[in-house]
Structure formats: C-alpha cells, structure tokens
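Everything on this sheet refers to the single structure shown next.
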Amino acid sequence: MRSLTVEEARLRAESLRVDRYTIDLDLDRGPDLFASRAEITFAAASAVDTFVDVKPTQLTSAYLDGAEVAVADLEDGRLPLRLDAGQHVLIVQADMPLRNDGEGIHRAVDPADGNTYLYGMSFLDAAPSVFACFDQPDLKARFRISVTAPTGWTVLGNTRATQVSPGRWELSESVPLSTYHLTVVAGPYHSVTREHDGILLGIHAAQSLAEHLDKDADEIFDVTARAFDEYHRLFGIRYPFGDYHQAFVPEFNAGAMENPGCVTFRDSMVFRSQVPDSERSDRARVIVHEMAHMWFGDLVTMRWWDDLWLNESFAEYMAYRLTGAVSPFQDSWVDFAYFRKRWGLVADQRPSTHPVAGNGAPDAETALSDFDGISYAKGAAALKQLKAFLGDDIFLEGVRRHLRAHSYGNATLDDLFGAWQDAGAKDLDRWVEGWLRTPGADTLRVQGGRLTRTAPAEYPAHRPHGLTVRHLPTGTEHQDQHIEMAGDSARLTWQPTAGTLIIPDAGDDTWANVRYDEYTLAALPGRIGSIADPVTRGAIWLAVRDATADAELSCEFVLTLLEAALPVETEDIAIQSLSGWADNLLLSQYLGGDRQSRDRVAAVVEKRLATASPGSGLQLAAALGFATVQSGSSILPGWLAGEAPPGLVMDAEMRWATLTSLARSGAASLDDIEAELRRDTSAQGVIHAARCRASLPESEAKQAAWQGIMTNAGLSNYEVFALCEGFWRAEHSDLLEPYVERYFDEIATTSAIRTGWLVAETGRLAFPAYAATEATVDRAERLLADASLPSGLRRSVADATDDLRRAIRVRAAKPASRLMS
Ligand SMILES: [Zn+2]
C-alpha cells in the first residue's frame, strides 16, 4: 500500500480545510468485518485534483456533493477526487476489515471465556482502514461518531459515549483532532470510574482481568489524578478533552497510545501475577507519558511525522521528570540509565541513526522506523540538558507559550524554539544544531588529568555537556566535580591513580559514550559492590556494555564484573536489565552459547536469589533473572513441584517463566506445556505456551514455529512475536543452522500476509542474531540490496546486521586481557 509522502501532505493541506467527520460504525457484523460510513464536510481553496484515503475490504459507495464517485477508481488505498473551489460533502461507505495485527480495528477473542474485544488504533497510517479520511496530522477536524455494537457491550471513544438504545451509541462532538488520534474501544469490558478535579476518570480491561484491575485501581487512579494536578500547574492549560479513559486492551503493539480522552495500553500492565516494583514504576511512567501527550501531541500536534520528537521526546522527558513526584516510585532515573538510555545510545551508533528533530521521514511508513530510542530517550536526555542550559523558568515559560499559541493546531521545531526565544532563551541555534539536528553521540574519556570529548567522525558538532565527575578514592567517601564542557576538553580536579575510581557523568545527565581510565577499570570489580548510588551504577553498566560492544573490553572482564556486582545488587531494575543483556548479547551473541560462561552468570544470579528477602521484589527479579540465564540447573524443575525458594510465589507468570527456561534446556516436554496451558487458559497462557513450544530443542518444534512465523496469517501479533522469541536460542545453533539461510529467503514474503508494525517487528525478532559470521552478514547485505524490501523490514534487517558485525568483532578479539586492542 502506498504511503503518504510529505510533499503530498503539504499539497493537500494547502488545498483543503476539513471541518467535520460524521462517522457511523456497525461493529455487529460478525468476526471478519465491520461497516463504516464517513461523511466528510470540507472546503477546497481552489479547483484541485486530490484523493481521500480509504483501505477497505470492499468499498461500497462514494458520493461527492451528491454525485456518485466510481468505486472502481480506488487504487492503493486512494480514491481520486476532482474538486471545484468551495464547500464539499463526501460520503464514503465501506466494509472494513477486523484485524489481528493491532492496527485499524483490532479484534481479539479471550480464550479464558470466549469474550470478544475490539479497539481502534488509527496511529500513523491506519485510520483509513477504520473510516475514509484525509489522513495526515495537519488536517484536523471535529468528529461525531455513532456506533452499533452487540447489546451488553461497552463502547468508549475520544468523547463521552451514550447508549441511546440497546446496542446503539452516540459519542459527543469532539474538538479538532488529527485522524490518527481516533479510537473506539468496544466489548464487554470491565470498568471502574472515579472523578478528580471535575474530570471523569475511567479504567477498563477484559472481564478475565477484572479482579486484577480492581486490585490496582487505587494505584492507577492516584497516579493519574496527581499527574493531572502537576500538568495543570506546569502547563497552565487545563486538560482539554473532557473525560479521561485508560483502556487496557489485548494484543496491543506499543506500550500505549495517546488517543485524546481514551488512551489504550497493553493489558499486561494489569498485573495478574506478582511483579517487581520496577514494573509498577514502569506502568506509572507510561500513564504519566500518555498524559503528557494530551498537551504534547494531541492539543498541539506535529505538522508532519518528521517532527515526532515534539510528541515523544517531551512525553518521555515529562514522564521521567514527574513520576517520582506523583507516585511512590523513585527509581525513574535508574530505569533510564539501565534501559531507556541504552536503547537510544545503541541506536545512535548505528548506520541508521538520525537527528532527534527533523528526521527527514519522506513518508508516513518510513516514520514508523523512527519511533526508536533516539526519538524517545535521546530526545528526553537532550531536553533534560536544555532545561539545565536555560533554567527551569524559561524552559517552562517557553513550553506554555508554545502550547497556548498552537492549541488545537499543528506546530514545528521552529515554532517551539521561537517560543523559547520569546521566553528569554539566548544562543539556542548552536545548541539546536548540535543536539537536535545532528545525529551521533560524543565519546567522553578520562585521559590523564583531563576529560576529553571526541565527536563521531561522520557527525562533528558543537555539543556542550553538563555533567558530574565522581572521584572515589579508597573507602566509601567520594567527591564530585561539576563540569560545563563547551569545548573538547576540561581539567579534572584529580589524576587517575591506582585503586581509585573516576566516573564521568556519574549522575547520568548527558548523552555520550563514556570510557574509563586504566586504573578505574582495574579497580572496578573490587569497588562496584560498594557504590551506593544506583544511578551511578547504571551509568557504569552503560559505559561497560558500550565498551564491550565496541570490543574494547573483554567478555572475561565483564563476567568478572558481573560476578562482583550481581550478588550485592539492590535494584530489581539492575537485575532484570543485566540478566536480559547477558542472555541476549553477552552469552549468546558475543560468547556464542558457551556453556561455562552461562553457568557462571547463572551462579551469581542464584547467589543473589539466595540472599534476597523472601517475598521481596528483588527476590522475584532474581528468580526471573535466574530463569532467563540458567541452563540445565538442578534446582529449577523443583520450582514447579512446590520446592521454590521460601517467599517466591509460583503464580501464573512465574510458572511460565520457569517452564520456558526448562523447555529451552530440554528439561520440559510438549506434554508439560499442554498441562500448564490447562492450568492457565488465559490469553497470556496461550502466548506463553507458544513461546515454550518454540523454545524446545527439537526439530519438529522449530519447524512448526517457523511455519507459523513465515506463513500463518491467522496468528495474532503476540503469537508471532512469542514464536520468534522462543525460536532462536544460541544453544540450539546446530538445530537452527538451516534457518539462517531460510530467514533471508523468506522474510520478505511476510509482507504479503501482514502489514506495518508487525512486519518490521517480525523482521527484527526472527533475525538469526546468534549466527555471528561473515557469511550471515554477506547474506544480509544481499537482501538489503533488494530495492523492493519494505522500509520497516529494511530498517530491522539493517540494524540487526549492524549488531552482527559488532558481535563478530567481539568474538574475534582475544579474551585474555581486560582491555582489547
Ligand atoms: Zn508516546
């Protein structure tokens, strides 16, 4: 399907003004499709040939100002329109697909009770598979929506929905919205409502999650209410969209989507099993993030997708800034150091890196690839630096001016920076050029008594860094030096000496690859366990993991550091992050499935598990971490038989994590998986079982999983992802060898049976990441040379190939010394 280009969007926005969409959806037409009628009232500035976007199963009829438009002219999702200057009414009726890929109107059947749930995801370019529209962010219009649904269902949307007769719902007229903001959520959802400061708050989830939603309702409402108070204070504009619903929906692709008035979240955020506090903290941040979008993204929307940082970087920054103040969770910046920042720094070193702002997305489909660690984490880190550079008063005053000036409209990078200048900001041009318009991360190194900055050769730029350097001589004392580094070097108060640590950016404030001096590296394994600040430990692991990926530190050194750090690590985030990284990269990509190394990591996680307080989040994180990294441990089979460590609750998720681990090492059978599925008939159970089956080291299991990934259009997005996750395991490399070639032969064919997000994500997850050989790289390059490869898939393959090249370099380096040369 053709994707709208920025030039086409510009031309259409110049010619058209859209006033109103009146939409009628009949969602009671069976499992495959729904009926959609869109009446669009709009005006053309002059006579123009243009088109309306519509991607139906079948286009039933179209009338422009009462005259029939030939439906046979529909091509590639576009129905051509020849317009005179002046007012027009276009009425388009179509049968639209109910989808299983998380886009358009997604339909899911809950295996626990057979209930059907629908939700709308119009994001990016999916709106035309819900209703005919001029689908681009800067053609905002008012919406009136009516819905027919099976009786007994609940219907929600961007505005208040009222049931006017059994199964018939009318939604009140909206303020001007972009087409990608539209959602309708429909099904026998379980709902809880409250009110705060005159705003009706609703939370919703499937019936089978009702007791879990009820249990967490206070926590979710409390964060929501306090974040509203905080945003009202910071932005000076009241929440503009009426009621505020948060619907936890099945098989959702992203974490959440900021539909005005009706945010959709993945329903794994309704916790049916015990979770470490880090996951509650993460959910609070997602709630706060989506709320920020009500202002940044929804009230003021980027003109085109190349400015999506105006949405995402802001929401990300506000979530990390605010969550500690509006929730009990104080570990946001720890999470940032361990997870988010790593995501972005890795992306910023790839050939596919792009500037935070003005990413140059030529069409909507390409923009999807830029919803990455750069648009989120790097943008947030840049805003954190900008706030420090401007001072919070000017920072917030600029934001308020920007939001006031463009409410219900669209804006660009220049508009926002204009607002900051009006608020008193000076000398912004060079800052914007270096941080937002130029990609790449500087490297900061301790060299003698100086901290030096090296810009990547391809992306030289003026990037000032504000950061803290921490000096840790022997003992527990430390000293900090704050540095504003505008040039390429700054003097340090201390010289590196034996036994001491010098940690640049100990507060994790800037955006850079950090490299330590030789003395610091030598002392690190002996000292890391006594560093009290978890953000500093996160910053250290960021630097160590980055240097390892660049083959500058040996895997042996990292194993030693893990052995020193993990047994005394106090943050569940750190245990999760490091065990996941060890499993995926260190043990699988870099060490090629080496059994002895895996046993070493498993032994230290087990040590942490043994000393964690019974029933604590740390114990849970360590247990999950152990299941992630162990292979063939003698204690794990007992966990399912009632011999788990005291305090560890073997609830559904913990049982599945254990069984997945056992399946992977060949210590569980297909029968064990089916037995577990009979215990847990939920949607999550079905997904876990799929992952377990794909994890078995048996050729039939692998063959079945592969067939599902490559050819089964009937699988939901979550089933496909689970099969991919279970399939590739470094320890199964002999069994999987034939599939390396098959991936490159077959992956492009999945774009014939799936679309958008799902294709790109499958391309990423199904990639043979552990086949780190030059032959794999050559084969990948041949695939990338095929110009017909869809852009999302191309990006996934290119990035995974870049990771392979790094893995090959790491494997080729001699593991004898700490430092590699
Ligand atoms: Zn967002």
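What follows is calculated from the coordinates using simple rules that are stated; it is not laboratory data. For clarity, every value in this text was computed on a predicted model and none was experimentally measured. Cβ: placed from backbone, ideal geometry, glycine included. Neighbour counts: every protein chain shown.
Worth pointing out:
- Note on the stretch 1-105: Cα-only Rg and Dmax are 14.3, 43 Å.
- Kirkwood Rh and Cα Rg combined as Rg/Rh, the stretch 274-318: 1.13
- With a Förster radius of 25 Å applied to the C-beta separation of THR60 and ASP28, the computed FRET efficiency comes to 0.90.
- Rg and Dmax of the stretch 191-305, Cα atoms only, in Å: 13.9, 42
- Comparing LEU403, GLY261, TYR317 along the charge dipole axis of the chain, the residue lying farthest to the positive side is TYR317, per the Cβ-charge model.
- If R0 equals 60 Å, the separation of the Cβ atoms of ALA775 and THR5 corresponds to a calculated FRET efficiency of about 0.95.
- Reference-scaled alpha-carbon Rg (2.2 N^0.38 Å with N residues) for the stretch 646-720: 1.12
- Ratio Rg/Rh, restricted to the stretch 546-679 and using Cα atoms, in which Rh is the Kirkwood radius: 0.98
- A DSSP coil position with no more than 14 other Cβ atoms inside 10 Å describes none of the trypsin sites (Lys or Arg not before Pro) in the stretch 287-370.
- Radius, Kirkwood style, for the chain when every pair of distinct Cα atoms is counted (Å): 27.9
- With the simple model of a label 7 Å out from the Cα in the direction of the Cβ, THR570 to ARG679 spans 3.5 nm.
- Value of Rg/Rh across the stretch 339-478 [Cα atoms, Kirkwood radius]: 1.02
- Taking the C-alpha atoms only, the angle from helix 413-422 to the longest principal axis of the chain is near 80 degrees.
- R0 of 51 Å, Cβ-Cβ distance THR193-ASP422: FRET efficiency to nearest 0.05: 0.80
- The overall shape of the stretch 638-689, judged from the alpha-carbon gyration tensor, is oblate: a/c is not under 1.5, and a/b is no greater than b/c.
- With all pairs of different C-alpha atoms in the average, the Kirkwood value for the hydrodynamic radius of the stretch 644-802 is 16.4 Å.
- Gain in span if fully extended, ALA388 to THR611, counting 0.36 nm per residue against the direct Cα distance: 76.2 nm
- Extension gain for ARG160 to ILE753 (0.36 nm times residue separation, less C-alpha to C-alpha distance): 209.9 nm.
- Counting all C-alpha pairs of the stretch 457-513, share separated by more than 15 Å (%): 52
- For ASP222 and VAL89, the difference between the fully extended length at 0.36 nm per residue and the C-alpha to C-alpha distance is 43.4 nm.
- Integer Hz, Karplus 6.51/-1.76/1.60 couplings in order for the stretch 588-593, x for Gly and Pro: 9, 6, 7, 9, x, x
- 3J(HN,Hα) from dihedral phi, the stretch 549-557, Karplus parametrisation 6.51/-1.76/1.60, rounded to Hz, x for glycine, proline: 5, 8, 6, 9, 10, 7, 4, 4, 4
- Spin-label model, GLN330 to THR50: label points 7 Å out along the Cα-to-beta-carbon direction sit 5.4 nm apart.
- Virtual spin-label span in nm between TRP494 and ARG400, 7 Å along Cα→Cβ: 4.2
- The stretch 685-717 and the stretch 282-322: distance between their alpha carbon centers, rounded to Å: 35
- Inter-centroid distance (Cα atoms) of the stretch 768-788 relative to the stretch 177-212, Å: 44
- Descending Cα extents along the principal axes, the stretch 402-508, whole Å: 59, 32, 20
- More than 21 angstrom apart: percent of Cα pairs within the stretch 346-413: 40
- Packing-based ranking of 161-167, 405-411, 350-356 yields 350-356, 405-411, 161-167, ordered from highest to lowest mean Cβ neighbour count within 10 Å.
- Residue list for the stretch 82-100, given a label point 7 angstrom along the Cα-to-Cβ vector of ALA70 and an amide N cut-off under 15 Å: 82
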